[in-house]
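Student: I'd like to ask you about the structure that follows.
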Amino acid sequence: MRYLPLLLIPFLLYNAFAFLVFEDSAVDFREATMFSAPMVSGATFTLTVGATIILMALALLVVEVIKATRIGSASIVDHVLATALFVVMLIEFLLVPEAATSTFLVLMGIALVDLVCGFAVSLRAASRDVMIGP
């Protein structure tokens, strides 16, 4: 469980909303209102499902970057699974009509940032552990 990329949660949540909760393709679940509040300015703030999923993915990205500072076999497994998640997301984006949305593209971009940051942070942390010389 600790090896699973946390960005799997928003990916599965997006797919659950796209395929299970809102089965009617005419209804755009990303624009469904989750929360609405009046603002002091007189405007109404509305939080949608799509924005909530993206905010969750950004919060989990911070945790993933912190997880990338670990060194050892756990970090290798984590990087392999993060790579697999990005590849699956890319394939779904290209082949599944429900995933061809801007929300999914942003989720995929967050997964790419996680992948690149994870490798960069791990390589930087691992280079500090390498001792050259006698």
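Throughout, read-outs are computed from the coordinates displayed, never taken from laboratory work. Keep in mind it's a predicted model, so treat the numbers as computed, not measured. Glycine gets a Cβ as well: all are built from the backbone with ideal geometry, and neighbour counts include every protein chain shown.
Student: State the extension gain, in nm to one decimal, for the chain segment bounded by residue 112 and residue 3, taking 0.36 nm per residue of separation less the distance between their alpha-carbons.
Tutor: Full extension from residue 112 to residue 3 adds 37.5 nm.
Student: Where does the chain land at 222 nm, in deg cm²/dmol rounded to the nearest 500, when only DSSP H runs of n ≥ 4 count, each adding -39500 (n - 2.57), divided by all residues?
Tutor: For the chain, the value works out to -20500 deg cm²/dmol.
Student: For residue 96 and residue 71, FRET efficiency with R0 = 35 Å and r from the beta-carbon atoms, rounded to 0.05?
Tutor: Efficiency for this residue pair is about 0.45.
Student: Tell me the label only: which of (i) 28.4, 103; (ii) 16.0, 64; (iii) 18.2, 70 is Rg and Dmax of the Cα atoms in Å as calculated from this structure?
Tutor: (iii)
Student: Right, something else. Placing +1 at every Lys and Arg Cβ and -1 at every Asp and Glu Cβ, with all other atoms neutral, what dipole size does the range 1-99 have around its Cα centre, in debye to the nearest 20?
Tutor: 500
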